[in-house]
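Below is one structure, written out as C-alpha cells; comments come after it.
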Amino acid sequence: MSVTEGQQPFAISGPERQRNVVLECPYCRDKVPNLVDDFASGDCICGNCGLVLGDRIVDTRSEWRTFANEEGDDPSRVGNAANPFLDGAQLDTLISRNGDNGSGLARDLNRTQGRTTAQRHERNLVQAYKEISALCDAYDMPRTTVDIAKQLYRRVETEHLQRGKNNDAIIAACIFLACRQDNAPRTFKEICALTKVDRKDIGRTFKFLKSKLGAESGTTSSNDLIARFCANLNLDQDTRRITELLTRKAKDMDNISGKSPVSIASACIYLSSHLMGCGRDAKAISEIAGVGEATIKATYKTLYANRKELLTPDIFARTSKANEANLPSP
C-alpha cells in the first residue's frame, strides 16, 4: 500500500511490536539477518560471524527412502501405512537388492528373506484381500462389507481352517457371511455368479465357517432384497413401499409360508408393478433376482388367489395409482 502526500506512514505501536518475534544476530544487528540452519549438527548459525544462535533444531526436510523389494527407485516419505488386516507391527527390516557394489549378495539375501514363512503368510493374505476387494467392487458392496469379509478371512487363515478347503469357496463364503452381518444380504445365486463357485461348495463352506468361527449370520428376509431388486428394475418409491407391505402380509399366509424369501420378493414385485400400472414381466424380474420364471408365476398364482387378503384398503390409501384391475390373471 502506497502512502499519499500528507499522510503519515503506518507505525507499529509498542504492544503490537511485542507480538512480532524477530530473530537476529546480537553482534551483527542486520536488518535482514543471514541465518543458516545446519541440520547436520542441529544448530542455527549466523552466516556472517558464525555465532550459534540456537541448537537442537528439527529437520523439516523430506526423508526420502526406498522401501521397494525390487530393483529401481521407489522413493517414499515414511513408508507404507499400517494395514490392520496384516499380522505384527509391520516394521520388519527389508533387505535391499542394491548397495553391494554388484556382487549379488544383497539380491541373494533379499530372495532368502522373501522365502521365510512370515513373508509367505503375508503374501497369501494380501493376495486374498485383493481378490475380495475386486469381487466386492464388482457388485458395488459397501466398504464395511469388504472389511468384514477380510476380517473373516484373516480368522480363517489364523486358525488354519483353510486346510483341505477350496480357497475360492472360502473367499465366497466370507463375502456371503459378511453381507449378512452388514445387513446387506446377497442370495446364493448372486454370490455364485460373482465368484464362479458352485452353490453347493459355498453352502458347505458357509456352514463350516459359521460353526468354527461362531459368527452370527442372521437371516435373509424378503424386505432385505426388495430395495435392491426394485432399484435394478427402475421402479419408483411408491411401488417399492407397496411391495414391502405386500411382502409382510404374504409371509403370514399359510399357502406361501414355505417359499424362499427370494421367491416371495420376486412375486410381490411382479404383483405390485402391475398393480401400480408399471408392470415388469417375469423374465426381467427373473434376470435380476435369479429366480426362475416358473417359480415367480407359481408364487404369483398363490398371491393372486389370496388377493383379497393382500390388497387391503390401506394399500389403496397410500397412492391413487393402485388399481386391482391392472393385475393379470395367472
Would you please give the residues with an amide H less than 5 Å from that of residue 215, counting only those at least 5 places away or on a separate chain, with H modeled from the backbone geometry? none
Which order do the peptides 315-328, 124-137 come out in when sorted by mean C-beta neighbours inside 10 angstrom, highest first? 124-137, 315-328
Separation in nanometres of the label points that stand 7 Å from Cα toward Cβ, at residue 196 and residue 238: 4.5
Greater than 30 Å apart at Cα, pairs in 212/297; 150/283; 251/321: 212/297; 150/283
Residues with amide H under 5 Å from that of residue 35, placed H, sequence gap 5 or more: 47
Peptides ranked, highest mean first, by Cβ atoms within 10 Å: ranges 176-186, 235-245: 176-186, 235-245
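Bear in mind that the values in this text are calculations on the coordinates, not laboratory data. What you are looking at is a predicted structure, and each value in this text was computed from that prediction instead of being measured. Cβ atoms come from the backbone with ideal geometry, glycine included; neighbour counts cover every protein chain shown.
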